[in-house]
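The values are calculated or read from the model by the stated rules, or taken from the named source; none is laboratory data. For clarity, every value in this text was computed on a predicted model and none was experimentally measured. We place every Cβ from the backbone using ideal geometry, glycine too, and count neighbours over all the protein chains shown.
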Amino acid sequence: MESSPKQRILIVDDDSAVQVSLALLLKQSGFDTVCCDDPQQALAQLARQPADLVLQDMNFSLRTSGEEGLQLLADIKQLQPALPVLLMTAWGSIALAVKGVQAGAANFFTKPWDNAQLVELIRTTLDTAAPAPAGCPTRAALDAQFDFSGIVGEHPRLLKVLSTIGQVAATKAPVLILGESGCGKELIADALHRNSPRAARPIVKINMGAITPSLFESEMFGHVRGAFTDAKTDRKGHVASAHEGTLFLDEIGELNRADQVKLLRVLQDQTYQAVGASRMERADIRVVSATNRELAELVASGEFREDLFYRLNLITIRLPPLRERRSDIPLLARHIIGQVAESYGLGPATIAPAALEWLSAQPWPGNIRQLKQTLERTLLLVGKSELKQADFIAAEQHENGGVPRSASLGVDGMTLEQVERHMIAKALEQHQGNISRVAKALGLSRTALYRRLERHGLGGDATPESDHAARA
């Protein structure tokens, strides 16, 4: 019987030491490798002979802007759109790598790398990057194969997310879900668990931002009787409760560095120790985490441990905001209005076509959560079986104390870029320039907010220094 051909990996880096190290590691792991010194060689090599994966550096000259790396990525994606690319970046250039991932790279890793983690990342990327035979599957085809109940939409970007869930759900690989507040990240975690071999066991959900540091170990790992003053009985922690199931760590970006170390230990060897206990326990868990912050940026700023980041993001799912899948808004609105009417014991409710068009044109900075709140409030205040555009405007005026919606938001006729600038300016005014509060209100990290302030020419006195002063 013939053995299957080895997978070929193209290494693109102008440092011969990096080439030799990677080639040796990958050869020992069962891969074939080809090395190139620069983008031109890489593209010529791909034109001659296909590869299964590309590992590429971000800089190929004295300039460290990463423009050459981003251009090479774009050229590869144009030449072979389905070819997965992993970016190599230096410690101080993580934000650049994030930009590359947003431009189509499968993931990134930093130099120097951990050999075991890198091989695991490469294998997982190769396992999950294979495109569907007929391109992006339809929603009907996905629903025939998987259980995506509760997730509404048919936009291509959502279908790509659902397809990824279908590919990785059966594995034990940790998944990091990124997306703005209100996008439905918990629904994605539920779908990952529901379509996995662990579905018969529980999915344990924890909001990491709601656990105080003093209670972290007790909440996560449990405690034994007498471990501290109020420990009257033994208590099982979240990790033990998720044994043979899924542990969902929501708002993982809010976890402080001291507790990050304690969590890392569990993820590394699947063992933990209850507070006051004398022996280690083992837990078979699959970890899914979510955040509305850009974890890679938190790593670059020192707020989040790099080793924990790599443990969490073997697979990254980026959930698009509602404004980037507007064609799904009518489907979501009909689904939500039906749920709301049923939950309040009301008769069937519908939305007029013109009102659906109007809803589809709104910016929805709060995403699906804001859409649901708007539909629920309007249905309860208006009390009609069919909601029209005027009903939504009237309900909004009621919420704003009689101020017309256009006057309160001022977004009529604006482009999406203008709406973003307007919302940031309003948030700055509302929070007196306190960057931490503005970032939290808008669902951004402070770093991401600073970039937007610079792009839109906003901020003025809102600097990192004044932010620290405001928080102090």
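Might you let me know whether the range 44-65 holds any residue that is within 29 Å of the chain's Cα centre (by Cα) and part of a helix (DSSP H, G or I)? No, the conditions are met nowhere in the range 44-65. Can you name the residue in the range 349-364 that is hydrophobic (A, V, I, L, M, F, W, C) and assigned to a helix (DSSP H, G or I) and is also nearest to GLU180 (Cα to Cα) among such residues? Filtering the range 349-364 for residues that are hydrophobic (A, V, I, L, M, F, W, C) and assigned to a helix (DSSP H, G or I), the one nearest to GLU180 (Cα to Cα) comes out as LEU359.
All conditions in (1) modelled with pLDDT of 90 or more; (2) more than 30 Å from ASP269 (Cβ to Cβ) hold for LEU53, with the sole exception of (2). Residues that are buried (at least 16 other Cβ atoms within 10 Å of the Cβ), under 29 Å from ASN292 (Cβ atoms), out of contact with any Pro (no Cβ under 7 Å at 6 or more places or on another chain) and without any contact (Cβ under 8 Å) to a residue 40 or more places away in the chain do not occur anywhere in the range 380-391. All conditions in (1) more than 19 Å from the chain's Cα centre (by Cα); (2) assigned to a helix (DSSP H, G or I) hold for GLN167, with the sole exception of (1). Restricting LEU371, LEU346 to residues that are of a type in the set (A, V, I, L, M, F, W, C) and either in a helix (DSSP H, G or I) or surrounded by 16 or more Cβ atoms within 10 Å (Cβ to Cβ) (or both) narrows the list to LEU371. In this structure, PRO320 does satisfy being in contact with a Cys (Cβ under 8 Å, 6 or more places away or on another chain) and surrounded by 16 or more Cβ atoms within 10 Å (Cβ to Cβ). Does the range 197-210 contain at least one residue that is surrounded by fewer than 15 Cβ atoms within 10 Å (Cβ to Cβ) and assigned to a helix (DSSP H, G or I)? Yes: the range 197-210 contains one or more residues that are surrounded by fewer than 15 Cβ atoms within 10 Å (Cβ to Cβ) and assigned to a helix (DSSP H, G or I).
Being in contact with a His (Cβ under 8 Å, 6 or more places away or on another chain) and among the hydrophobic types (A, V, I, L, M, F, W, C) is a condition met by no residue of the range 249-272. Within the range 135-171, if we keep just the residues that are touching a Cys at 6+ places or on another chain (Cβ under 8 Å) and touching a residue at least 24 places away in the same chain (Cβ under 8 Å), the residue that is farthest from ASN195 (Cα to Cα) turns out to be LYS160.
Of all the numbered requirements in (1) in the same structural domain as LEU249 (by TED's automatic domain parsing); (2) more than 25 Å from ARG293 (Cα to Cα), ALA116 misses one, and that requirement is (1). Checked against the criterion of being surrounded by fewer than 19 Cβ atoms within 10 Å (Cβ to Cβ), more than 22 Å from TYR310 (Cβ to Cβ) and in contact (Cβ under 8 Å) with a residue 40 or more places away in the chain, the candidates HIS223, HIS193, HIS243 yield just one match: HIS243.
No other residue among VAL411, VAL382, VAL419 is over 22 Å from the mean Cα position of the chain (by Cα) and either at pLDDT 75 or above or under 30 Å from GLY302 (Cβ atoms) (or both) apart from VAL382.
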